[in-house]
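**Q** Pasting in a structure now, in structure tokens, and then I'll have a few things to ask.
The values are calculated or read from the model by the stated rules, or taken from the named source; none is laboratory data. In this text the structure is predicted, and so the values were computed from the model without any measurement. Note: ideal-geometry Cβ built from the backbone for every residue, glycine included; neighbour counts use all protein chains shown.
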Amino acid sequence: MPYPRRLLNDNETITLDIHPHWWYFAGPVSILLTLVVLAGIVLSKLDGGAETAFSYLFFIAILISVAHLVVTFTKWATTNFVVTSHRIIFREGVLSRRGTEITLEKVNNLAFHQSLIERLLGAGDLLIESGGETGQETFTDIRSPEQVQKIIQGALQQYLEQSRTGRMAPSINNHVNAADEIAKLADLRDRGVLSDTEFENQKRRILGD
């Protein structure tokens, strides 16, 4: 299920929209396969009433495991990691929804981590450090986390370039006041993206001078 386009801001475009890596299913699938194999081994050594009793037990256990797998698949299908021209968005949940949003301008640092197995499978964790209240967010089971990191860096560079040249996205400007926008420009200046002259020019533009 793709991220709903109706939830995007004006002039906001999606750069990346992915579900978790298939490694997300490792636990439920392992449990189901283990139960099937165990049932085959145990039932082959039993007969009579014991075989019947264990058959019922394994049937119930396997049924519960299949239900768990179905629930996991539903959660996987409704979990989205999205990179847009303005934000990084994470949404998950079926009946109840949970979401995290980080505006690109607040991204301070990006890092990824992969264990040996995850590296072989192409999965991993993505760590995003931001200037928001959350500080640092860790997103697990990300497909090709190194490539996702590069995509975010590219989106960030494009956003900063738009900020530097004064072509701030309307969907962002419509939700901040002049003081907030000047503070953001000051942060860009402090980070070396804007020169002092560019900062003053943009400040005058915002204030309408």
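**Q** Of all residues in segment 34-89, count the ones that are within 30 Å of residue 6 (Cα to Cα), among the polar types (S, T, N, Q) and free of Cβ contacts under 8 Å to residues at least 40 places away in the same chain.
**A** Looking only at that region, the number is 1.
**Q** Just to check your reading of the model, which residue among 104, 63 is at pLDDT 95 or above, among the aliphatic types (A, V, I, L, M) and out of contact with any Pro (no Cβ under 8 Å at 6 or more places or on another chain)?
**A** Just a single option satisfies the conditions, and that option is 63.
**Q** In segment 135-146, which residues are within 13 Å of the chain's Cα centre (by Cα) and not polar (S, T, N, Q)?
**A** 137, 139, 141, 142, 143, 145
Rundown of residues vs (1) part of a helix (DSSP H, G or I); (2) surrounded by 11 or more Cβ atoms within 10 Å (Cβ to Cβ); (3) at pLDDT 85 or above, yes/no style:
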residue: 2; (1), (2), (3): no, no, no
residue: 6; (1), (2), (3): yes, no, no
residue: 12; (1), (2), (3): no, yes, yes
residue: 17; (1), (2), (3): no, yes, yes
residue: 27; (1), (2), (3): yes, yes, yes
residue: 33; (1), (2), (3): yes, yes, yes
residue: 37; (1), (2), (3): yes, no, yes
residue: 43; (1), (2), (3): yes, yes, yes
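**Q** Let me ask another. Among the residues of segment 118-128, is any of a type in the set (Asp, Glu) and either at pLDDT 90 or above or within 15 Å of the chain's Cα centre (by Cα) (or both)?
**A** Within segment 118-128 (the criterion being of a type in the set (Asp, Glu) and either at pLDDT 90 or above or within 15 Å of the chain's Cα centre (by Cα) (or both)), the answer is yes, since at least one residue qualifies.
**Q** So which residues in segment 97-143 are of a type in the set (Lys, Arg) and either touching a helix residue (DSSP H, G or I) at 6+ places or on another chain (Cβ under 7 Å) or within 21 Å of residue 78 (Cα to Cα) (or both), if there are any at all?
**A** Those that are of a type in the set (Lys, Arg) and either touching a helix residue (DSSP H, G or I) at 6+ places or on another chain (Cβ under 7 Å) or within 21 Å of residue 78 (Cα to Cα) (or both): 97, 98, 143.
**Q** Inside segment 109-147, can you point out the residues that are surrounded by fewer than 15 Cβ atoms within 10 Å (Cβ to Cβ) and in contact with a Lys or Arg (Cβ under 9 Å, 6 or more places away or on another chain)?
**A** Answer for segment 109-147, where residues must be surrounded by fewer than 15 Cβ atoms within 10 Å (Cβ to Cβ) and in contact with a Lys or Arg (Cβ under 9 Å, 6 or more places away or on another chain): just 131.
**Q** Give the residue, chosen from 51, 105, 92, that is closer than 19 Å to residue 153 by Cα and either buried (at least 16 other Cβ atoms within 10 Å of the Cβ) or not assigned by TED's automatic domain parsing to the domain that holds residue 162 (or both).
**A** Checking each option against the conditions leaves just 105.
**Q** Of a type outside the set (Lys, Arg), at pLDDT below 90 and under 14 Å from the mean Cα position of the chain (by Cα): does that describe residue 149?
**A** no
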